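The structure that follows is given in the form of structure tokens.
Values quoted throughout were computed directly from the atomic coordinates according to the rules given, and no laboratory measurement underlies them. Please read these numbers as outputs of a predicted model, since none were measured by experiment. We place every Cβ from the backbone using ideal geometry, glycine too, and count neighbours over all the protein chains shown.
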Amino acid sequence: MKARRWLAAVALGMLIVGPSQAQILFNNGNLATGSISRGNGTGGPGVAAPAGAQWSELADGNTSAGFSGHLSGAGPQFRIADDFTLGADSTLTSVRVYAYTTGSAPSAAFTNGTLQIWNGRPGDAGSTVVFGDMTTNVLASSVFSNIYRIFATTNTQGGVQTVPGTTRPIQEITLNAPVSLPAGTYWLDYQIAPIAPGVSTFLPTVTNPDGVTRGPPGANSRQLTTATTWVDALDTGSPATLADVAQEFPFLVVGTPIPEPGSMALAGIAALGFGWRRWKKK
């Protein structure tokens, strides 16, 4: 009996050092800007979002609410690419991205998405795909994020400013990505198929709540605009006389870090010690 109790205690200890739960390994930036439209951060109309929701408002001087990210029939092959870094060897489970279709209902979900992970920047010589492809549907879920994309409600540059509306409900989309990767920097590229034929999928960019930052420092995302042509994703400004500014796309990389062998050994010894103490007390 005592031996069985000891074995049970050891098993319990090993469960303690077993696989950890999935966590956010990388967050590429902010999307929501608040429940009240904030203009350029110094005022603005101050329009409230629907109850329980938030706006994702463009910065003063920006013009692109979202970039195309879909296959348009036999036409352009639109995809979005951005980089992420893993601080430790990790097992990924999924990537969460964001998309909308203008004029859709919040309940209108996307049903198809593809994902690739590269060991370098897409389009560069020597960069290769280490996970995924451009045809397999890896979309696991699509749910309303409780965020509406809106254009800037003030524009001190003399460009367009708008009244907030709810025609661009953003979906949070989970793409399955079961792959183990060593620590390092990678690029992902993804595409979300339209909700319905004849419409477009748009992928919103990172937005800063201050209302004036037009693009995050170090922004370097890319867009595939033909079957083979990658270009920098730039906001061309409103008015167009403003400088082009590089953009980033919000996404979350989800998974678990892989424990180092030394850490696993120490944890195993601790588990055995735990089991031995439990057995000796009986």
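Measuring from label point to label point, each 7 Å out along Cα→Cβ, what is the THR228 to GLN21 span in nm?
With each label point 7 Å from Cα toward Cβ, the separation is 4.8 nm.
Another question, if that's okay. Could you check the spin-label model distance between VAL47 and ALA243? Points 7 Å from the Cα along Cα→Cβ, value in nm.
Reported label-point gap for VAL47 and ALA243 is 3.1 nm.
Taking every pair of alpha-carbon atoms in the range 116-213, give the share separated by more than 16 Å as a whole percent.
70
Name the residues whose placed amide hydrogens come within less than 5 Å of the amide hydrogen of PHE131, ignoring near sequence neighbours (fewer than 5 apart) on the same chain.
Result for PHE131 returns ILE117.
Oh, and also: Determine Rg/Rh for the range 44-124; Rg is computed over alpha-carbon atoms and Rh is the Kirkwood hydrodynamic estimate from the same atoms.
Working: Rg = 16.9 Å, Rh = 16.8 Å.
With Rh from the inverse mean 1/r over Cα pairs, Rg/Rh is 1.01.
Quick one: length gained pulling THR166 to VAL179 fully straight, 0.36 nm per residue minus the C-alpha distance?
Working: separation 13, 0.36 × 13 = 4.68 nm, distance 3.67 nm.
So the chain would gain 1.0 nm between THR166 and VAL179.
Of all DSSP beta bridges located in the range 2-260, what percent are antiparallel, nearest 5? Could the numbers behind the result be given before it?
Working: 57 of 61 bridges.
Within the range 2-260, antiparallel bridges account for around 95 percent of the total.
Okay, moving on. To the nearest 0.05, what FRET efficiency results for SER72 and THR236 with a Förster distance of 25 Å applied to their C-beta separation?
Efficiency, from the Cβ-Cβ distance: 0.75.
Need one number: nm distance between label points at ASP124 and ALA105, each 7 Å from Cα along Cα→Cβ, rounded to one decimal.
So the label points at ASP124 and ALA105 sit 4.5 nm apart.
Report, in cubic angstrom per residue, the convex hull volume of the C-alpha atoms of the range 2-260. Display every interim value, and only then the final one.
Details: hull volume 42.2 nm³, N = 259.
Looking at the range 2-260, the number lands at 163 Å³ per residue.
Using θ = phi - 60° and the Karplus form 6.51 cos²θ - 1.76 cosθ + 1.60, what ³J(HN,Hα) does each residue of the range 167-184 get, whole Hz, x for Gly and Pro?
7, 10, x, 8, 9, 8, 10, 9, 10, 5, 8, x, 8, 9, 9, x, 4, x
LEU25's amide H: which non-local residues (gap 5+, or another chain) put their own amide H closer than 5 Å, with H modeled 1.01 Å from N in plane and none for Pro or chain starts?
It is VAL253, VAL254, GLY255, by chain and number.
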